[in-house]
Amino acid sequence: MKRDRDEAEEEGNEERNKRKMEIVWQTPAHPAQKQDYVFHNGKRHVRPYYFEFVSHVNKRWEGKTIVDLFAQEFRGRSRDYYVSAVKCGRIQVDGENIPVSYIVKRCQKISHFLHMHEPPVMACDVEVLQNEPDVLTVCKPASVPVHPCGQYRKNTVLGILQAEYGLAPLYPIHRLDRLVSGLLIMAKNPAKADSFRQHIEAGLVQKQYVAKVVGVFLDAEQVVDANIDYNAREGRSTAEVGISNGDTTLKGKAACTKFTRISTNGIHSIVLCEPVTGRTHQTMLLIALR
């Protein structure tokens, strides 16, 4: 209910503002710029902006009214919100405003303009370690996602590198979770990215993580085997340990990680983590099992 009230208030403000000033829409083609960022209390904020989310009418959507389509397919917002968004022109078809009764046709372009408030990240620089003709190596700070995802578009490694160094386009050849810091290697062209991909698939590239954990980690090398089940809708993973039998079936894919203690002060331990397989969120989940 609170969200609906907030949305209604925001929509009312938007309608009043439209009479005073022209709203500037942004699409994926708009590059991140230095003036997009505001730094406050150790955090990097992004100035709010309108962003165009694009989809195209498929066979299943064809013949529905524009409001029915959004209410049935995108249930994160209320039907009243979508009615208001169509009337305000924040939902368009083929770049044109349409009535709420409009029936969509196959392959039409649907645009949904949302007022974006990206979550802040830590105000750390994305340090460039090596800048070669085909490859860029940087130090990714914790809290910053690598590429646009969820609510993040400009507060990403790719967005910050484009805004502050003019480095674009870039092709990440591997990914680090948002909360993880570390070495990030990116190709500057598709051919180099494909070359790296082939090396990774052939097992010629290995990842290592260094983790700080609470407690005294075991001195001997630990090998953890588990199944990792990644839920793409929720963006989270769960780990299961055991053996599948007639009564129980483990979900997900097999994952294996080796852990070696580097040092300990009796309160915390520094641990080297070496994934044998590559699964989403594998290292953090399996170290938690120890």
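The number of residues in the stretch 250-268 being of a type in the set (S, T, N, Q) and either in contact with a Leu (Cβ under 9 Å, 6 or more places away or on another chain) or outside the structural domain of ASP225 (by the TED database) (or both) comes to 2.
Residues that are in a strand (DSSP E or B) and touching an Asp or Glu at 6+ places or on another chain (Cβ under 8 Å): does the stretch 178-198 have at least one? Full working, then the answer.
First, pick out the residues of the stretch 178-198 that are in a strand (DSSP E or B): 182-187.
With the extra rule that they be touching an Asp or Glu at 6+ places or on another chain (Cβ under 8 Å), the set shrinks to 187.
For the stretch 178-198, residues in a strand (DSSP E or B) and touching an Asp or Glu at 6+ places or on another chain (Cβ under 8 Å): present.
Among the residues of the stretch 128-146, those that are over 11 Å from LEU176 (Cβ atoms) and either aliphatic (A, V, I, L, M) or in contact with a strand residue (DSSP E or B) (Cβ under 6 Å, 6 or more places away or on another chain) (or both) comprise VAL128, LEU129, GLN130, VAL135, LEU136, THR137, SER143. Of the residues that make up the stretch 276-288, is at least one modelled with pLDDT of 85 or more and under 30 Å from GLU132 (Cα atoms)? Among the residues of the stretch 276-288, not one is modelled with pLDDT of 85 or more and under 30 Å from GLU132 (Cα atoms), which makes the answer no. With respect to the conditions (1) within 20 Å of VAL271 (Cα to Cα); (2) surrounded by 15 or more Cβ atoms within 10 Å (Cβ to Cβ); (3) outside the structural domain of ARG236 (by the TED database), LEU167 lacks only one, and its number is (1). Residue check: TYR49 meets all listed conditions (1) farther than 30 Å from VAL144 by Cβ; (2) open to solvent by less than 30 Å² (accessible area, probe 1.4 Å) but one, namely (1). Of all residues in the stretch 170-220, those satisfying the criterion of being open to solvent by less than 70 Å² (accessible area, probe 1.4 Å) and hydroxyl-bearing (Ser, Thr, Tyr) are SER195, TYR209.
Looking only at residues of the stretch 56-86 that are under 10 Å from ILE103 (Cα atoms) and part of a loop (DSSP other than H, G, I, E, B), we find that the one that is least open to solvent (accessible area, probe 1.4 Å) is TRP61. In the stretch 94-114, is there at least one residue being modelled with pLDDT under 95 and closer than 24 Å to GLN162 by Cα? Scanning the stretch 94-114, I find at least one residue that is modelled with pLDDT under 95 and closer than 24 Å to GLN162 by Cα, so the answer is yes. Under the condition of being at pLDDT 55 or above and hydrophobic (A, V, I, L, M, F, W, C), the residues counted in the stretch 1-59 number 10. Against the criterion of being small (Gly, Ala, Ser) and without any contact (Cβ under 8 Å) to a residue 24 or more places away in the chain, GLY95 qualifies.
Within the stretch 98-118, does at least one residue satisfy the condition of being touching a residue at least 12 places away in the same chain (Cβ under 8 Å) and within 30 Å of ARG261 (Cβ to Cβ)? Scanning the stretch 98-118 turns up no residue that is touching a residue at least 12 places away in the same chain (Cβ under 8 Å) and within 30 Å of ARG261 (Cβ to Cβ).
The values are calculated or read from the model by the stated rules, or taken from the named source; none is laboratory data. This one's a predicted model, so the numbers in the text were calculated from it and none came from an experiment. Every residue, glycine among them, receives a Cβ derived from its backbone with ideal geometry; neighbour counts consider all protein chains shown. These area figures cover heavy atoms from the full protein model, side chains too; ligands, DNA and RNA do not enter into them. Shrake-Rupley method; radii C 1.70, N 1.55, O 1.52, S 1.80 Å.
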